[in-house]
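See below for the structure under consideration.
The values are calculated or read from the model by the stated rules, or taken from the named source; none is laboratory data. Keep in mind that this is a model prediction, so the values were computed, not measured. Ideal geometry is used to build each Cβ from the backbone, glycine not excepted, and the neighbour counts take in all protein chains shown. SASA here: full protein model, heavy atoms, side chains in, ligands and nucleic acids out. Shrake-Rupley method; radii C 1.70, N 1.55, O 1.52, S 1.80 Å.
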Amino acid sequence: MSSYPPPGDARPADVDDDVLAQIALSRDEYERACDMLGRAPSDVELGMIGALWSEHCGYKHSRPLFHHFPTEDERILTNLGEENAGAIDIGDGWVAVMKIESHNHPSAIEPYEGAATGVGGIVRDIFAMGAQPIALLDSLRFGPLEDRRNRRLCTGVVAGIGGYGNCLGIPTVGGELVVGESYSGNPLVNAMCLGIAQRGALISATAGPPGTQLMIVGADTGRDGLHGATFASVELDEASAERRPAVQVGNPFLEKSLMDACVGLVREHRDWLEGLQDCGAAGITSSTVEMAERAGAGIRIQTQHVPRRESGMTPYEVMLSESQERMIAAVKPGHVADVRAWFERWDLHAEVIGEVTSDGIARVFDGGAEVAAAPVSVMTGPPSYTPDAERDPDAVGRANWDPASLPDLDPADASDALLQLLASPNIASKRWVYRQYDHMVGTNTVVTPGSDAAVLRIRGLKQGLALCTDGPGRAVELDPYAGAARAVAEAARNVACTGARPVAVTDCLNFANPERPAIYYQLSESIRGMADACRAFRTPVVSGNASLYNESEDGPVTPTPVVGMLGIISDVTEAVRMAFQDEGDEIWLLGAGLEQDAATLGAGEYLSLLHGKEAGPITVDLEREAALVDALVEAAEAGLLKSAHDCSDGGLAVAVCESAIAGGKGAIINAEIAGRIDAALFGEAGGRAVVSIAPDLAESLAALAAEQGVQAARIGHVAGERLQVGPLNVPLAEASEAWTSALPRLLDS
């Protein structure tokens with residue numbers, strides 16, 4: 001048996017560039033690793049370092065920017081980046097645990113399995129902390145659905161999310177689907193999971209003190225998923241399809257058993273464990289080495305003890321396999337038999353594969369041969385980069401373009417414009433998507449998909465949880481700071497429209513190659529914008545994920561930071577819906593008046609769809625946005641609101657139409673439009689919401705809005721079977737048909 005450091009030449013050995021490319025390690029990084037080790041790494045060490053130093057695991061370009069995020073609040077129980085997910089105190093002795101992650105590149109190659117295993121991975125992050133997963137959401141981006149390949153990707157991804165989540169018995173309660181040219185070669189598939197646990201019942205992802213036994217439980221290890229972490233850290237090209245083996249294959253029924261067993265073990269026998277960790281990206285390597293880092297310890301792994309389903313696997317393959325449905329349990333030495341017997345109750349096999357040591361070295365053995373012996377600090381010490389940042393001149397030019405240079409909408413064309421917008425995939429009903437998800441399993445979904453945000457009850461508690469995902473990438477491309485701040489503001493509005501107070505954020509940063517100045521500018525400015533917006537709404541960032549190198553031969557994807565927002569509603573039985581309720585109810589616009597400047601058309605769906613322009617100024621007023629959120633929450637708690645719906649894609653006319661369709665009741669907006677018709681109907685100014693109230697509560701709503709400094713205007717009432725907004729006059733049935741049939745017509749063709 002050899003010892004650390006192994007004898008031999010301490011100079012860097014010659015390594016083929018193809019080998020380094022396979023593990024996404026640059027020549028400079030390889031030489032840096034050699035310098036840190038004082039020698040050339042073994043093959044197994046090189047593979048482990050490549051995986052842990054990958055962008056996917058090491059966050060080399062994004063981690064230096066995370067300090068901008070607000071992370072502290074009296075509700076927050078975890079430190080950003082130190083656990084699998086973020087934990088938030090929701091009151092009465094309960095905590096919520098949440099995180100969002102990407103599975104973009106795997107889904108581009110194998111859409112069903114890529115999306116399914118993305119769901120499996122985010123769910124394991126939640127129950128690895130001992131929390132019971134109770135809800136899933138997604139955020140999806142595809143190229144134009146007229147293209148056959150994009151339709152295949154979309155249908156495969158949606159089927160994968162539904163197939164895996166439905167089998168787990170976790171409702172998929174919300175999300176978003178956006179279509180854009182840039183996503184054709186590189187779709188974005190982000191999955192979010194929410195879990196709950198009693199306060200004090202969570203477990204950490206630490207290895208524990210020396211002598212702690214490391215047990216693997218769940219699926220046997222195979223060759224699927226090899227180099228998955230590094231695959232997610234490079235650009236997609238025409239050869240990417242050849243990397244299909246990097247896409248994992250999932251078994252949701254096994255994951256269901258693993259989830260129930262792990263949650264039960266932590267709840268009933270937490271004293272048997274030191275820690276618990278998911279085998280995700282980089283498999284056994286990342287889970288065990290990162291657990292050791294948190295404990296300030298070393299580890300000793302015996303690969304021959306790892307149960308496997310394929311013969312002839314090398315130590316390299318065992319350590320880097322990303323086979324799904326596996327967990328690492330750090331078990332106190334006296335409870336190995338107890339833990340093994342516990343998992344056997346779920347027909348799960350648990351095996352000791354190593355132990356925690358005191359020397360700070362990650363040692364890997366294959367029988368009697370030591371195949372890796374490197375300091376944990378080296379393996380978890382990737383370089384960090386802060387490249388030059390420079391705003392794209394083309395984006396500057398498009399952001400400075402004035403929409404007022406276009407002629408105003410002819411009043412005679414207003415109705416047709418609305419119908420076109422309602423049939424746009426970015427606005428149309430997403431029922432085609434969520435009908436494939438079991439969103440009522442568990443019977444705790446109070447407000448279902450298709451609303452501004454989902455609302456869930458927690459049995460035994462008066463309060464409920466509201467959650468949503470949002471990511472307006474088009475605005476971020478034009479102005480990363482303001483666009484990303486808008487994403488947070490829109491998510492906060494969506495949650496507040498249910499009557500819930502926004503309390504925390506998880507984010508997924510989907511960007512292209514950060515080594516290019518224009519992309520790094522997008523990334524850094526987006527993080528600053530999100531951070532400032534989170535401060536404005538008092539919603540700290542508790543967890544997240546950075547997914548970089550999202551581009552194909554056709555170019556980079558539109559920068560798409562996605563915000564997952566959590567809110568707490570004081571009385572879940574009083575949750576507000578978006579649907580108009582009763583004839584004669586008054587319709588009010590909170591946050592602004594009916595007249596809007598042409599600038600509000602900037603980056604909007606109206607300009608894109610009817611004028612082929614993705615341009616215009618991006619503005620955000622965080623003080624005004626925060627005041628609107630406060631007003632919505634207080635109005636809901638006072639029982640003033642019968643419905644609430646935020647104004648976003650498609651502007652006021654689309655917001656009114658969606659509330660009317662949801663309630664099956666028409667609307668008459670008879671307030672006079674004095675300025676531009678297109679901006680008043682379809683401008684996407686932020687900080688606005690359409691609400692409906694009983695007529696006798698009008699004075700109370702006006703007084704509450706005035707106290708919050710929020711502009712409020714009575715603009716119409718619920719009535720009839722038509723939609724009348726200024727010059728726009730459309731039968732509700734015709735609008736509903738356009739809105740509900742658009743996606744099925746595209747995707748069922």
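Summary of computed values
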read-out	value
Theoretical gain in end-to-end length, Q581 to T386 [0.36 nm per residue, Cα-Cα removed]	64.9 nm
R435-D748 pseudo-label distance in nm [points 7 Å out on the Cα-to-Cβ vector]	0.6 nm
Percent of C-alpha pairs per 10 Å bin, region 171-218, short to long	14, 25, 26, 21, 13, 1
Prolate/oblate/rounded call for region 107-201, Cα gyration tensor, a/c under 1.5 rounded	prolate
Binned Cα-Cα distances of region 639-685, short to long, each 5 Å bin given as a whole percent	5, 19, 25, 27, 16, 7, 1
Hypothetical label at A698: residues of region 588-626 whose amide nitrogen lies under 12 Å (7 Å Cα-Cβ projection)	588
Length added when fully stretched, D35-E595, from 0.36 nm per residue minus Cα-Cα	195.2 nm
Selected from L628, A219, N400, residue furthest toward positive end of dipole (the chain; charges at beta carbon)	A219
Accessible area of region 631-749 divided out per residue, in Å², using a probe of 1.4 angstrom	35 Å²
Among S184, L701, M530 - extreme Cα towards positive end, dipole of the chain, charges at beta-carbon	L701
Cα-based convex hull volume of the chain per residue, rounded to whole Å³	138 Å³
Equivalent ellipsoid semi-axes - Cα gyration tensor, region 528-669, angstrom	30, 23, 15
Cross-link partners of K642 among lysines (Cα-Cα below 17 Å; sequence separation of 8 or more within a chain)	K665
For region 325-441: span of alpha carbons on each principal axis (Å, largest first)	80, 48, 22
Rough spin-label spacing in nm, given labels placed 7 Å along Cα→Cβ, for D271 and E72	3.5 nm
The chain, relative contact order in percent, only Cα pairs under 8 angstrom and at least six apart counted	15 percent
Ordering of 716-728, 585-597 by packing [mean C-beta count within 10 Å, highest first]	585-597, 716-728
Residues with amide H under 5 Å from that of A712, placed H, sequence gap 5 or more	G591
Local electrostatic count, D470, Cβ distance below 14 Å [Lys/Arg +1, Asp/Glu -1]	-4
Accessible area of region 671-746 belonging to carbon and sulfur atoms, whole % at 1.4 Å probe	49 percent
Stokes-Einstein D (µm²/s) once Rh is taken as the Kirkwood radius of region 1-140 over alpha-carbon pairs, at 25 °C in 0.890 mPa s	133 µm²/s
Convex hull (Cα only) mean projected area of region 89-159, reported in nm² to one decimal	5.5 nm²
Most positive-pole-ward Cα, H717, Y521, A475, against dipole of the chain from beta carbon charges	H717
D92-L419 pseudo-label distance in nm [points 7 Å out on the Cα-to-Cβ vector]	4.9 nm
³J(HN,Hα) computed for each position of region 628-639 - Karplus, 6.51 cos²θ - 1.76 cosθ + 1.60, integer Hz, glycine/proline x	5, 4, 4, 5, 4, 5, 5, 5, 5, 5, 7, x
1.4 Å probe accessible area per residue over region 430-547, in Å²	26 Å²
Gained length - E515 relative to E672, 0.36 nm times residue gap less alpha-carbon distance	51.4 nm
Whole-Hz couplings from phi, Karplus 6.51/-1.76/1.60, listed for region 719-730; x for Gly and Pro	5, x, 10, 10, 10, 10, 10, x, x, 7, 8, 9
Relative contact order for region 296-411, counting Cα pairs under 8 Å that sit 6 or more residues apart, in percent	36 percent
Region 596-749 shape via C-alpha gyration tensor axes, a/c threshold 1.5	oblate
Per-residue ³J(HN,Hα) for region 609-621, Karplus 6.51 cos²θ - 1.76 cosθ + 1.60, θ = phi - 60°, Hz, x for Gly and Pro	7, 9, 10, x, 10, 10, 7, x, x, 10, 10, 8, 10
Beta bridges per DSSP with both ends in the chain, % antiparallel, nearest 5	80 percent
Coarse-grained scattering of region 463-538 at q = 0.16, 0.26 Å⁻¹, given as base-10 log I(q)/I(0) from a Debye sum over alpha-carbon atoms	-0.56, -1.18
Long-range tail of P(r) for region 465-507 (Cα pairs > 13 Å, %)	50 percent
